[in-house]
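Below is the structure I would like to discuss, written out as structure tokens.
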Ligand SMILES: [Zn+2]
């Protein structure tokens with residue numbers, strides 16, 4: 001647990017203060033081959049009851065059992081994150097907590113703040129997600145990779161940092177990393193599509209099976 005005090009943690013803990021330092025970090029590698037690659041988007045957490053979990057805009061297909069992952073970032077060791085200034089301070093705190101939790105769980109994941117949304121692979125944005133969803137993620141896919149994901153929230157208490165908020169942000173960030181909703185895993189998985197008391201009580205962190213999915217997706 002010595003890594004608790006790693007440089008990575010320091011960056012994330014001081015994320016607000018260091019936002020300016022994130023400016024200029026580029027991710028142009030994700031933009032190549034735009035002419036020939038097929039573009040599609042996948043939207044998660046559309047359903048009013050958390051049941052319809054994946055919608056592919058290019059095919060119109062919905063699916064809930066496509067396996068634990070649907071696509072991936074080109075470089076998950078260097079993920080630029082944009083946080084809309086209009087989000088509440090509680091929501092921002094939950095975003096920091098979510099990215100930090102994922103980078104703890106899968107140590108090679110690294111998140112960096114950028115103030116330029118065009119450079120971000122994950123964008124946490126204002127504008128509510130669909131009614132009935134606490135959060136919603138739309139991933140834009142080009143060829144084999146996610147170029148960027150938009151996360152929208154519709155939390156019942158946006159000004160109140162709480163377990164539900166933290167769990168929602170970890171879950172949506174999991175989508176942005178390429179993980180599917182998965183109803184085959186234990187309900188304690190942060191990628192289980194519905195939050196229950198057992199999930200909350202198990203700790204608001206990615207679990208071993210969640211981490212295994214990240215590790216196998218990225219070859220960590
Ligand atoms: Zn989901």
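Each value in this text was obtained by applying a stated rule to the coordinates, not by laboratory testing. The structure presented is a predicted model; accordingly, all values stated were derived computationally and were not measured. Here the Cβ is made from the backbone with ideal geometry for all residues, glycine too, and neighbour counts use every protein chain on show.
If you stretched the chain out fully between residue 40 and residue 131, how much longer would it get, using 0.36 nm times the residue separation minus the C-alpha to C-alpha distance?
Taking 0.36 nm per residue and subtracting the Cα distance, the gain is 30.4 nm.
Run the numbers for residue 187 and residue 201: contour at 0.36 nm per residue of separation, minus the present Cα-Cα distance, in nm.
Extra length from residue 187 to residue 201 when fully extended: 3.9 nm.
In nanometres, what is the gap between the two model label sites at residue 215 and residue 157, each 7 Å from Cα along Cα-to-Cβ?
Placing both labels 7 Å along Cα→Cβ, they lie 3.6 nm apart.
Could I ask something else about it? Rank-order 174-180, 131-137 by packing density, defined as the average count of other C-beta atoms within 10 Å over each peptide's residues, highest first.
174-180, 131-137
Can you give the alpha-carbon Rg of the range 37-218 over 2.2 N^0.38 Å, where N counts its residues?
So the Cα radius of gyration is 0.92 times the expected 2.2 N^0.38 Å.
Give me 200, 79 ranked fewest to most by other Cβ atoms within 10 Å of their Cβ, as a rough exposure proxy.
By the 10 Å Cβ count, ascending: 200, 79.
In terms of the ratio Rg/(2.2 N^0.38 Å) built on C-alpha atoms, what value belongs to the range 86-142?
The reported ratio for this selection is 1.24.
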